[in-house]
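Notes for the one structure printed next.
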Amino acid sequence: MAEKTLWSGGRLESDLDISMARLNQSLDVDKRMAQEDVRGSLAWARAIQAAGILSESEFGLIRSGLEQIAQEFADGSFSYEPSDEDIHTAVERRLTALIGPTGGKLHTGRSRNDQVVTDFRLWLKSASAELSERLTDLQQAFLERARTDLDVIISGYTHFQQAQPILLSHWWLSHFWALERDQQRLTDTIRRMDFLPLGSGALAGTAYPVDRFSLANELGFSAPTPNSLDSVSDRDFACDFLYWAAMLGSHLSRCAEALILYSTTEFGYITLADAFSTGSSLMPQKKNPDSLELIRGKSGGLAGRLCAFLATLKGLPSAYDKDLQEDKALVFEAADVAGLVMSVMSGVLRTLTVHPDRCRQQINMQALATDIADYLVKKGLPFRDAHHAVGKAVKLAEKKGIGLAEISLPDWREISPLFEADVYETFSLEAAISQRCSWGGTSRDQVLKQLAFAENTLKTTA
Ligand code: ARG
């Protein structure tokens, strides 16, 4: 079994083996760039007309053919042939079928090597802009939570052991800032992607006097790329994007992991809405946080696609190698997954219920141990000694099976004579929180400032 190709009857005598044709074809993946291919081709036709390769009427013919093809893609009537290897060959075949041999002039001075990477950059620029909007909406959802849950106190954790009390808003905002860095990374990624490779030819540049600057301008790029070889080999922008997606996945996964724990019977801090939970086929009582588990699960694939593509790239010797064809499936999938997990996370956040009393009840007053140490520091004891003294108190409480707040004053004073009756005032979650009042801390005033800063940041970047 063999298959006809673009170049059959030229340099190569026999047709492709069917398994080779299947391995070689990328149409199933790159048909997503159909509109970009037409757009790039139209701009190229205009550029070679300006360079004197196409006459006015040939350009008009090509333009009307391409416009019809764009329409066919838009209304779904474009019909692919089994011999279409990729979207570029499909468009060229259709163009020639529509307008005759003039269609064959479009590819003058152009190679699929500069064409494919132009389409890809066009596609990814616009996909990234949409993803950036979705990311802004997700950041907004975190801000809404931070506003709503301003007076909720939860335990903060390190090593996932209770550490110090914090405002739940502070916790929500911690995720907002991680996403803000993702937003900045995406902006940088778009900025670096914004250079036009078209006009680089196969590798050495095009042999026709094409004005690549006006071509860049027409296709909405900031400038043409400065080196034809680099233009057709460079997929850094795809790696940048995959890294962005991997990092976003990792941020959302960490947040999801905590929320899964917070939604368990043991924690009980939050309840997810039914719309973002699933039941069990066997156990009638089950309500599972599948939304968050899938967000966590998908992050593995997001990291994996970056590794996969870096591994593909690392051994490539020359400008274009067919290995590069692997780039699009990875990037398209990453874009789809990133968009979906962001939407689901926004929905989870906007519909979950917080249980403030439960959050509070679960705090072990030992979480105020640092505050008792600070109490001694304020009375003049060096912090190291204070730390040691409170450690003794914790041990004593544990031995007696009581909480720190139940230690009697004589016992406190035995540990350190600096303890006085006012030590009991330290056993207040609100007091502990209000102590953390320097910039970036969890005190209510600081969290309000942080919220205003976050809202402002979102306004200026959105
Ligand atoms: N389908 C190819 C890709 O996605 C297009 C470029 C083919 N270039 C070539 N010289 N065979 O990378």
Checklist line | Ordering of 181-188, 414-421, 131-138 by burial proxy (mean other Cβ atoms within 10 Å per residue, highest first) | finding: 131-138, 181-188, 414-421
Notebook entry, point to check: For the stretch 8-81, what class follows from the C-alpha gyration tensor (a ≥ b ≥ c being the square roots of its eigenvalues): rounded when a/c is under 1.5, otherwise prolate if a/b is larger than b/c, else oblate?
Noted result: oblate
Notebook entry, point to check: For the modelled label position 7 Å from the Cα of Asp15 along Cα-to-Cβ, which residues of the stretch 50-84 have backbone nitrogen atoms closer than 17 Å?
Noted result: 81-84
Notebook entry, point to check: Glu425 to Lys395: extension gain in nm, 0.36 nm per residue of separation minus the Cα-Cα distance?
Noted result: 8.7 nm
Item checked: Heavy-atom accessible area order for Met365, Met33, largest first, 1.4 Å probe -> Met365, Met33
Item checked: Straight-distance crosslink candidates among lysines, where the alpha carbon sits under 22 Å from Lys287 and sequence neighbours closer than 8 are dropped -> Lys298
Notebook entry, point to check: What ranking, highest mean first, results for peptides 113-122, 301-310 when packing means the other Cβ atoms within 10 Å averaged over each residue?
Noted result: 113-122, 301-310
Next item on the list: Straight distance only, please: which aspartates and glutamates reach the Cα of Lys392 with their own Cα at less than 12 Å, same-chain residues fewer than 8 apart left out?
Entry: Asp411, Glu414
Check: Amide H neighbours of Ile153 under 5 Å, counting only residues 5+ apart in sequence or on other chains, H built in-plane at 1.01 Å?
Finding: Leu168
Next item on the list: For Lys379, put the label point 7 Å out on the Cα→Cβ axis and report which residues of the stretch 416-434 keep their amide N under 13 Å from it.
Entry: 416-426
Next item on the list: Note the angle between two axes, namely the Cα long axis of helix 112-148 and the longest principal axis of the Cα atoms of the chain, as a number of degrees from 0 to 90, rounded to the nearest 10.
Entry: 20 degrees
Check: Along the positive direction of the dipole of the chain (beta-carbon charges: Lys, Arg +1; Asp, Glu -1; about the Cα centre), which of Pro165, Met33, Trp244 reaches farthest?
Finding: Pro165
Margin query: So if each residue of separation counts as 0.36 nm, and I subtract the Cα-Cα distance between Arg181 and Gln68, what length gain in nm does that give?
Written below: 36.4 nm
Check: Using r as the Cβ-Cβ distance of Ser438 and Ala273, and R0 as 60 Å, what FRET efficiency do you calculate, to the nearest 0.05?
Finding: 0.95
Notebook entry, point to check: Shape of the chain from its Cα gyration tensor (a ≥ b ≥ c, root eigenvalues): rounded if a/c is under 1.5, otherwise prolate when a/b > b/c, or oblate?
Noted result: prolate
Next item on the list: Classify the stretch 1-138 as rounded, prolate or oblate, taking a ≥ b ≥ c as the square roots of the eigenvalues of its Cα gyration tensor: rounded when a/c is under 1.5, otherwise prolate if a/b is larger than b/c and oblate if not.
Entry: oblate
Margin query: From zero outward in steps of 10 Å, how is the percent of C-alpha pairs of the stretch 150-226 spread across the bins?
Written below: 16, 25, 16, 13, 12, 14, 5
Notebook entry, point to check: Quick one: accessible area per residue over the chain, 1.4 Å probe, rounded to a whole number of Å²?
Noted result: 48 Å²
Check: Which ³J(HN,Hα) values, rounded to whole Hz and listed in residue order, are derived for the stretch 295-306 from phi using the Karplus coefficients 6.51, -1.76 and 1.60 in 6.51 cos²θ - 1.76 cosθ + 1.60 with θ = phi - 60°, glycine and proline given as x?
Finding: 4, 5, x, 5, 5, x, x, 5, 5, x, 5, 5
Item checked: Percent breakdown of C-alpha pair distances by 5 Å bin, ordered from the shortest bin, for the stretch 136-194 -> 5, 18, 19, 17, 15, 11, 7, 5, 3, 0
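Under a Cβ-Cβ cut-off of 10 Å, what is the net charge of the residues other than His88 that fall near it, where Lys and Arg count +1 and Asp and Glu count -1?
Local charge sum for His88: -4.
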Next item on the list: Note down the Stokes-Einstein diffusion coefficient of the stretch 337-462 in µm²/s, whole number, using a Kirkwood radius over alpha carbon pairs, 10 °C, and 1.306 mPa s.
Entry: 90 µm²/s
Check: Near Lys459, which aspartates and glutamates are there with a Cα under 15 Å away, not counting those fewer than 8 places off in the same chain?
Finding: Glu133, Asp137, Glu144, Glu180
Notebook entry, point to check: Taking Cα pairs under 8 Å and at least six residues apart, what relative contact order does the stretch 235-346 come out at, in percent?
Noted result: 35 percent
Checklist line | Phi to ³J(HN,Hα) by Karplus 6.51 cos²θ - 1.76 cosθ + 1.60 over the stretch 153-169, Hz, x for Gly, Pro | finding: 9, 10, 6, x, 10, 10, 6, 6, 10, 4, 10, 8, x, 9, 7, 4, 4
Checklist line | Heavy-atom accessible surface of the stretch 406-462: percent carbon and sulfur, 1.4 Å | finding: 55 percent
Next item on the list: Could you compute the FRET efficiency for Lys31 and Ala308, with r as their C-beta to C-beta distance and R0 at 25 Å, rounded to 0.05?
Entry: 0.70
Check: At a 1.4 Å probe, what is the % contribution of carbon and sulfur to the accessible area of the stretch 308-357?
Finding: 57 percent
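The values are calculated or read from the model by the stated rules, or taken from the named source; none is laboratory data. Quick caveat, the model's predicted, so the values are computed rather than measured. Reconstructed Cβ throughout: ideal geometry from the backbone, glycine too, with neighbour counts over all protein chains shown. To get the accessible areas, we keep the full protein, side chains included, count just its heavy atoms, and leave off ligands, DNA and RNA. Shrake-Rupley method; radii C 1.70, N 1.55, O 1.52, S 1.80 Å.
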